[in-house]
Amino acid sequence: MEEHATLNEFEERLGRQFRALRLSDDTDQKTLAEKAGVSLSALRNLETGSGVSLKTMLAVLRALGRIDFIDMLAPVPTVSPMQMLKTTKTPLQRAYSPRKPRSHA
């Protein structure tokens, strides 16, 4: 889906993804709603993209065993950009030969 999609289009897409997850788990709506602790209408709203609370979405993800999806929204960086700056050396601009010691005459 592209950046210019409307919020409704994003909700519908998310709903289709939740429905696909439920069906791949071979679970009917009533069973999943009970397992998630949400109303059947809340689950239907989620699957149709008709608006849903974040709590409902998280409860359904947990019931589907897919709470790991949250990590995809905001992954924890494995490398700190600031640490990279500290450890990266500035490349030399030119090569220097060792200086010869001065002789005092």
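The values are calculated or read from the model by the stated rules, or taken from the named source; none is laboratory data. Model, not experiment: these values are computed from the prediction. With ideal geometry, Cβ positions are generated from the backbone for all residues, glycine too; neighbour counts draw on all protein chains shown.
Before moving on, here are some points about what is shown:
- Annotation: of all residues in region 1-31 being at pLDDT 90 or above and among the small types (Gly, Ala, Ser), the one that is surrounded by the most Cβ atoms within 10 Å (Cβ to Cβ) is Gly15.
- Glu34 being of a type in the set (Asp, Glu), closer than 19 Å to Ile67 by Cα, buried (at least 18 other Cβ atoms within 10 Å of the Cβ) and at pLDDT 95 or above: no
- Options Thr48, Thr27, Thr6, Thr56; residue that is in contact with an Asp or Glu (Cβ under 9 Å, 6 or more places away or on another chain) and among the hydroxyl-bearing types (Ser, Thr, Tyr): Thr48
Results for (1) under 17 Å from Glu11 (Cβ atoms); (2) in contact (Cβ under 8 Å) with a residue 24 or more places away in the chain, shown as yes or no for each residue.
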residue	(1), (2)
Asp28	no, no
Leu32	no, yes
Gly51	yes, yes
Thr56	yes, no
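- For region 12-31, taking the residues that are closer than 14 Å to Arg66 by Cα and small (Gly, Ala, Ser), the one that is nearest to the chain's Cα centre (by Cα) is identified as Ala20.
- Asp68 vs. criteria acidic (Asp, Glu), modelled with pLDDT under 90 and exposed (fewer than 10 other Cβ atoms within 10 Å of the Cβ): yes
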